[in-house]
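Engineer: Sharing a structure with you now.
The values are calculated or read from the model by the stated rules, or taken from the named source; none is laboratory data. All values derive from a computational prediction rather than experimental measurement. All Cβ positions, glycine included, derive from the backbone under ideal geometry; neighbour counts span all protein chains shown. Remember, those area values only see protein heavy atoms, side chains included, never the ligands or the DNA or RNA. Shrake-Rupley method; radii C 1.70, N 1.55, O 1.52, S 1.80 Å.
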Amino acid sequence: MYFDKNSYTVEEITVGSETVRYRAWRDLPYAERPVVPEYQKLNLYAPEDYFEGRDISGYTIENAPVFMPNTVGGYMPGPADEPGEVPNHPGHPNTVFRALQHGYVVAAPAIRGRSQTGGQAPACIADYKAAVRWLRHFAEDLPGDQEKIITNGTSAGGALSALMGATGNHPDYSPYLKEIGAAEESDAVFAASCYCPITNLDHADMAYEWEFKEVFDYHRGGWPSFPAADGEMTELQKAASRRLAAAFPEYVNSLGLKDSAGTALTLDPDGNGSFKKYIEKVVLKSAQRAIDRGDDVSSDTWLTVDAGKAVSMDFAAYVRTITRMKTAPAFDDMTMKSPENNLFGTPRTPCRHFTAFGAANSLVGGETAPAGLVKVMNPMYYIADPHADSALYYRIRHGETDRDTSLAVSAILALKLQEQGIDVDYHSPWHVPHAGDYDLEELFAWIDKICKEKQ
Ligand code: DHB
């Protein structure tokens, strides 16, 4: 590991009508004993204005926040991000471009993923942590304030960001970090920005079936490891759906969730109750924000609007409208074909189960990942753990039409964090599907606010 502050290039790129100039340090290895060396490195960028004595958005080279995006999707390898265009949107500056323009230092790690030998769990979280430790190790020489690291990611990457926020310095990760030769430094981060986190994987199946209860037709576009399909679930899948849905109330009730007024959020054995009302409130708030900015919401017939107020909803009709994407179980698949089965595999056993239900109902006699491995991939286990140094701030966004995981998953994450006194900005943006980085102005306003609060 090294950092030579003089070994940079000054680059200038123009996207559409906008130009950004920055200093770039590329391909910096963040681990002494990398397993996939091309993927255990980071790129560092800083606005060139800082080196010419100008400040940006009130920041200087000393106090600029360090924005730390990952590009992990589908738990696949995520290359180090680069300033440029939004993929498939020529002329539109991407997140790194915008972050530099706004005055952030950007630390963009590449992160191993499940398709690589040595890239299955917990490689992705070990790498993200190793990259943070690298930043701390060279903090004296680096641009920006390494005590203001903000992780950012979408979907599997959003889950990683949440995990970074919840697990700072936890000893569970020490063996993995030692193995790859990460620096002996803190890996706690200041804040975590999480778009539609595909997280709490060992409870996400129940949450999915609770939400999409008795909706048995599924519809999905494809991505390489998850083919496009439309169809009706099999009788076996329907039976699995009913059993998983029936198991969700016990899980929810075991969490002792409360809303901000202190009301217990629970479910009765049928899956109804104050927790469901709370999820409805999240959706109604989403609708209300849309109404308040002038959107026409009349095509959403599951929603009741009275005098400009989103007053109630038909939950079953709402989920029929957004439609089910995945068959049951959505994550720990009975045939072990899901991305998550592969995430929890090994080079010798490419796919494994990771829930008791998956293991007991396996159609392929699959092995099960050890509980300790499932634990280190789930932020929920660390939120109240005194050995974890939590991020002070979270921003969680889960689109109102997202069906990759249940809205309950992000809502439970937000509630648990809030219970620990963590400042959580949580919202379900209207008519937004499974996506991220769609509201950068608001994201940056949040970063600026939290950095000011803790100056
Ligand atoms: C992602 C999406 C999924 O539906 C999933 O199960 C895992 C990851 C993603 O987009 O990263």
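Engineer: For the cross-link pairs Lys238/Lys276; Lys5/Lys375; Lys178/Lys452; Lys326/Lys416; Lys148/Lys337; Lys258/Lys309, which exceed 28 Å when the distance is taken from alpha carbon to alpha carbon?
Structural biologist: Details: Lys238/Lys276 22 Å; Lys5/Lys375 38 Å; Lys178/Lys452 35 Å; Lys326/Lys416 26 Å; Lys148/Lys337 39 Å; Lys258/Lys309 25 Å.
Exceeds cut-off: Lys5/Lys375; Lys178/Lys452; Lys148/Lys337.
Engineer: A further question follows. Could you pull out every residue, at least 5 positions away or on a different chain, whose amide H is within less than 5 Å of the one on Lys41? Hs are placed 1.01 Å off N in the peptide plane, and Pro or chain starts have none.
Structural biologist: Tyr30, Ala110
Engineer: Taking all protein chains in place and a 1.4 Å probe, what share, in percent, of the accessible surface of the chain do carbon and sulfur account for?
Structural biologist: Values: 8980 of 17930 Å².
Carbon-and-sulfur percentage of accessible area, whole number: 50.
Engineer: Just to confirm my numbers, what's the Cα centroid distance between region 355-395 and region 200-245 in Å?
Structural biologist: 20 Å
Engineer: Scan around Ser193 for amide H atoms under 5 Å from its own, H built in the peptide plane at 1.01 Å from N, and keep only partners 5 or more places away or cross-chain.
Structural biologist: Close amide H contacts, sequence-distant or interchain: Thr151, Asn152, Gly153, Arg395.
Engineer: Moving on. Rounding to the nearest 10 and keeping the result within 0 to 90°, find how far the Cα-based axis of helix 235-254 lies from the longest principal axis of the chain.
Structural biologist: The answer is roughly 70 degrees.
Engineer: Tell me the Rg and the Dmax, in Å, that the Cα atoms of the chain produce.
Structural biologist: According to the Cα coordinates of the chain, Rg and Dmax are 21.8, 67 Å.
Engineer: Convex hull volume of the Cα atoms in region 202-331, per residue, in Å³?
Structural biologist: For region 202-331, the hull spanned by Cα atoms encloses 137 Å³ per residue.
Engineer: Please list, by residue number, every one of the GluC sites (Glu not before Pro) in region 4-49 that is coil in DSSP and has at most 15 other beta-carbon atoms within 10 Å. Can you show the working numbers first?
Structural biologist: On the way: sites: Glu11, Glu12, Glu18, Glu32, Glu38, Glu48; in loops: Glu32.
For GluC sites (Glu not before Pro) across region 4-49 that sit outside H, G, I, E and B with at most 15 neighbouring Cβ atoms in 10 Å, the list reads Glu32.
Engineer: Let me ask another. Taking only protein heavy atoms and a 1.4 Å probe, what accessible area per residue, in Å², does region 202-331 have with all protein chains in place?
Structural biologist: Result: 48 Å² of accessible area for each residue.
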